[in-house]
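The structure under discussion appears below in the form of structure tokens.
The values are calculated or read from the model by the stated rules, or taken from the named source; none is laboratory data. Please read all numbers here as calculations on a predicted model, not as lab measurements. All Cβ positions, glycine included, derive from the backbone under ideal geometry; neighbour counts span all protein chains shown. We work out accessible area using only protein heavy atoms, side chains counted, and drop any ligands, DNA or RNA first. Shrake-Rupley method; radii C 1.70, N 1.55, O 1.52, S 1.80 Å.
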Amino acid sequence: MARQPSHPGALIRNVILPETRLTVSELAKRCGVARNTMSKVINERGDVTEDIAIRLSRVLGSTSRFWIGMQTNLNLWKLEQENKRVYQKIERVSVHH
């Protein structure tokens, strides 16, 4: 994956909030989390946890797997970038038939 995947917070900030006309505070309240928690996610300073994913799915009508998938894709990309040299040294095992 060449390009960094989008953080789920970017989707919420750039698409969902404008389309739903919800504020960060309103979304946080509907999700049952602190405004600060939701703000961290929306501003890409916090991850979408499994709990937040379920809450977002209930409020926004999406699936929790969608939100976790976005977060996981980003986390994997970051790890691959940070540890590229280490991972390149790992050799694949051969399977003999």
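Rg over Rh for the chain works out to 1.14, using Cα positions for both radii and the Kirkwood form for Rh.
Take every pair of alpha-carbon atoms less than 8 Å apart whose residues are at least six positions apart; their mean separation over the length of the chain yields a relative contact order of 29 percent. The residues packed around T23, meaning those with a beta-carbon under 12 Å from its beta-carbon, carry a net charge of +4 if Lys and Arg are +1 and Asp and Glu are -1. Report, in degrees rounded to the nearest 10, the 0 to 90 angle that the Cα long axis of helix 64-82 makes with the longest principal axis of the chain. Helix 64-82 sits roughly 50 degrees off the main axis of the chain.
Report, in deg cm²/dmol and to the nearest 500, the calculated mean residue ellipticity at 222 nm for the chain, where each DSSP H run with n ≥ 4 adds -39500 (n - 2.57) and the sum is divided by the residue count. Rounded to the nearest 500, the figure is -16500 deg cm²/dmol. Heavy-atom accessible surface of the chain, averaged per residue, reaches 74 Å², computed with a 1.4 Å probe. Taking amide H positions as modeled 1.01 Å from N, with prolines and chain starts lacking one, the residues under 5 Å from G46 and 5 or more places away or on another chain are V41.
Computed extension length for F66-T23: 13.3 nm, one decimal, from 0.36 nm per residue of separation with the Cα-Cα distance subtracted.
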